[in-house]
1. Which residues, taken from region 15-44, are under 15 Å from GLY61 (Cα atoms), within 12 Å of the ligand (Cβ to nearest atom) and either in contact with a Ser or Thr (Cβ under 6 Å, 6 or more places away or on another chain) or β-branched (Val, Ile, Thr) (or both)?
2. Hey, can you tell me all the residues within region 74-91 that are open to solvent by 50 Å² or more (accessible area, probe 1.4 Å) and either touching a Cys at 6+ places or on another chain (Cβ under 8 Å) or assigned to a helix (DSSP H, G or I) (or both)?
3. Being of a type outside the set (D, E, K, R), within 11 Å of ALA105 (Cα to Cα) and open to solvent by 80 Å² or more (accessible area, probe 1.4 Å) narrows it down to one of ILE64, ILE69, so name that one.
4. Take VAL110 and tell me if it is under 29 Å from SER39 (Cβ atoms), outside any helix (DSSP H, G or I) and open to solvent by 40 Å² or more (accessible area, probe 1.4 Å).
5. Test ALA101 against the criterion of being modelled with pLDDT of 95 or more, part of a loop (DSSP other than H, G, I, E, B) and more than 16 Å from the ligand (Cβ to nearest atom), and give yes or no.
6. Just one of (1) in a loop (DSSP other than H, G, I, E, B); (2) of a type in the set (D, E, K, R); (3) open to solvent by less than 80 Å² (accessible area, probe 1.4 Å) trips up ASP38, so point out which.
Amino acid sequence: MKIAIGSDHAGFPLKKEVMKYLREKDMKFEDFGTFSEDSCDYPDYALKVAEEVSNKNYDFGILICGTGIGISIAANKVPGVRAALCGDTFSAHASREHNNANILALGQRVTGSGLAVDIVDTFLSAEFQGGRHQRRIDKITEIEKKYSK
Ligand code: RB5
């Protein structure tokens with residue numbers, strides 16, 4: 001499993017915690033920035049990670065900003081991306097099981113690092129259930145196609 005990770009300045013400290021956890025678990029990941037707490041714009045990092053996941057260069061993405069809101073909104077503009085902002089472990093496994101989410105978004109200013117790591121672990125361990133959920137995801141893809149030029 002290959003993971004692409006990214007954050008803005010507000011998510012940078014939590015990203016370091018998450019990367020520490022991924023290293024401990026011996027999981028393959030690449031950090032697409034930002035690389036400091038200097039102010040930057042979250043859509044830039046959302047785009048980098050979302051394109052890598054959409055192009056299937058990475059299986060999953062993890063994106064972190066202050067709230068997780070802006071970075072997930074931006075990532076969800078890239079076709080094929082289903083970014084889920086999760087602040088609890090139930091949402092984390094449901095986002096995989098029902099929504100086949102391929103990017104997990106976290107908010108550093110909202111979710112403590114202990115819970116965030118549990119959310120990451122839950123998200124990466126859960127599996128898509130298919131069946132009726134696939135039909136609904138197909139409908140999301142149809143919406144994407146309707147509005148793509
Ligand atoms: C940056 O101050 C903050 O706005 C950003 O990290 C994020 O929370 C936006 O949704």
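The values are calculated or read from the model by the stated rules, or taken from the named source; none is laboratory data. Please read all numbers here as calculations on a predicted model, not as lab measurements. Positions of Cβ are backbone-derived with ideal geometry, glycine not excepted, and every protein chain shown enters the neighbour counts. Keep in mind that these areas ignore ligands, DNA and RNA; they rest on the heavy atoms of the full protein, side chains included. Shrake-Rupley method; radii C 1.70, N 1.55, O 1.52, S 1.80 Å.
1. Matches in region 15-44: LYS15, THR34.
2. Within region 74-91, THR89, PHE90 qualify.
3. That would be ILE69, the only listed residue that is of a type outside the set (D, E, K, R), within 11 Å of ALA105 (Cα to Cα) and open to solvent by 80 Å² or more (accessible area, probe 1.4 Å).
4. Judged against the criteria, VAL110 is a match.
5. Against the criterion (modelled with pLDDT of 95 or more, part of a loop (DSSP other than H, G, I, E, B) and more than 16 Å from the ligand (Cβ to nearest atom)), ALA101 qualifies.
6. (3)
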